[in-house]
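Engineer: Let me begin by handing over the structure; questions about it come next.
The values are calculated or read from the model by the stated rules, or taken from the named source; none is laboratory data. Keep in mind the model is a prediction, meaning the values are calculated, not measured. Here the Cβ positions follow ideal geometry from the backbone for every residue, glycine too, while neighbour counts run over all protein chains shown. Note: accessible area is taken over every heavy atom of the protein model, side chains too, but ligands, DNA and RNA are not part of it. Shrake-Rupley method; radii C 1.70, N 1.55, O 1.52, S 1.80 Å.
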Amino acid sequence: MYFRFLRMFRKTTCRNTASDAVSFHQDQALNTTIFLLRSFGPTGFLLKEEGEVRSFKVFLGDPHTCTCPGFIKEQEPCKHICWVLLRKFRLPREHEYSFQPGLVERQILEVLQGLHQTKAHRMQNDPCTASGTSSQTFTGPEAGSVCRKVIQAQDVCPICQEELLEKKQPVSYCRFGCGNNVHISCMKVWADHQRLSDKEETVKCPLCREDFSSLKMLQEQVKNAAKLCTAAEREKPERHLGVLCHSCRVSPVFGKCYKCTVCSYFYLCQDCLKKGCHQQHPFASRTNRKEKWNLEEEKLSDQLTDAQPQAMNNSAISVAADPLPENVLACLPSVRVRPGCRLLDVGLQCRICLQDFNLGECVRSLPCHHK
């Protein structure tokens, strides 16, 4: 009765499942880097795609609207609208609000309040919490600057809305306000949108709106961070670098790659898996080397018995990565960070934890040349 009453006062039709078009746009949104350049109140956003010149305005409402050609032509939630719902507000793609053509005021209020998230997530996405005063001030070269906040799991960049430790791109932080971390490349896009020209001008923080850093320092960070991007990163993501097919010995595996969930460092290419190699164990797969490994559900039903579910759950936990042998780790070249070392330049940092290098630390170089 309540939903029937709600439908009487909404302009758009309520859907039970996502249409094929919206599902496709959701895939696009989750696999495209999009920058949040400006907010128009709580439900309006100016977005720009990576590598694109034009920017588009998205407004959530009943119905949602976007100024992109795709939405104007189809009148369906486009990838920009899906990005706002899935990335900005962290709606699960299966959530009923994520694929609707519009949301009424009560539903939008629920999205803004993050009622679909856990309490920890709501606190993290709360602007008041994000720009809190947990960072302590210190006296240094930049008077009045604050300490950088430690990057924790699920911390996101406020501009591209992607998880910092997941994407592992070099980060900077708000030096005179909240101390929060932001991708250096995203801050460059943010600064370009502000159209700052004088090198002495200060870039504002996208979170707390206080002084983030000088434009000159940001430009230096961009220059130095570019040195962290190795040739391996520029390879096509379909090439699984460092992966050898255990059967045909092709390396690297290209396209869909399969990893045994039981045997360590056992990989197969798609052709060898189709030939029936290593049928005694279930496999996980991924098409892009930046993706997470996903268990092959079709093969699980054939290979698992009633007594195996718990064992399978345990193997699924270890699918993500095999432990690095100590003898291999010891063979990696290392260097001690000393005064005058280039690793101390602003913008240079560890590509795993995203922390700056400090004097006295031992830094190892990986085979892909990442530090």
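Engineer: Quick test for you: out of Arg239, Arg286, Arg249, pick the one residue that is farther than 28 Å from Lys167 by Cα, modelled with pLDDT of 90 or more and open to solvent by 20 Å² or more (accessible area, probe 1.4 Å).
Structural biologist: Arg249
Engineer: Then there's this: Being closer than 19 Å to Lys79 by Cα and either modelled with pLDDT under 90 or assigned to a helix (DSSP H, G or I) (or both) narrows it down to one residue among Ser39, Ser23; which is it?
Structural biologist: Ser23
Engineer: Could you grab me the full set of residues in the range 324-341 that are of a type outside the set (A, V, I, L, M, F, W, C), modelled with pLDDT of 90 or more and out of contact with any Lys or Arg (no Cβ under 8 Å at 6 or more places or on another chain)?
Structural biologist: Those that are of a type outside the set (A, V, I, L, M, F, W, C), modelled with pLDDT of 90 or more and out of contact with any Lys or Arg (no Cβ under 8 Å at 6 or more places or on another chain): Arg336, Arg338, Pro339, Gly340.
Engineer: Only one residue in Leu207, Leu196 is in contact with a Gly (Cβ under 9 Å, 6 or more places away or on another chain), open to solvent by 20 Å² or more (accessible area, probe 1.4 Å) and in a loop (DSSP other than H, G, I, E, B). Which one?
Structural biologist: Within the list Leu207, Leu196, the selection yields Leu207.
Engineer: Further question: Residue by residue through the range 40-60, note down the ones that are touching a Phe, Trp or Tyr at 6+ places or on another chain (Cβ under 8 Å), surrounded by fewer than 20 Cβ atoms within 10 Å (Cβ to Cβ) and closer than 15 Å to Val189 by Cα.
Structural biologist: Result: Leu46, Glu49, Glu50.
Engineer: Would you mind finding the one in Gln355, Gln303 that is open to solvent by less than 70 Å² (accessible area, probe 1.4 Å) and modelled with pLDDT under 90?
Structural biologist: Gln303
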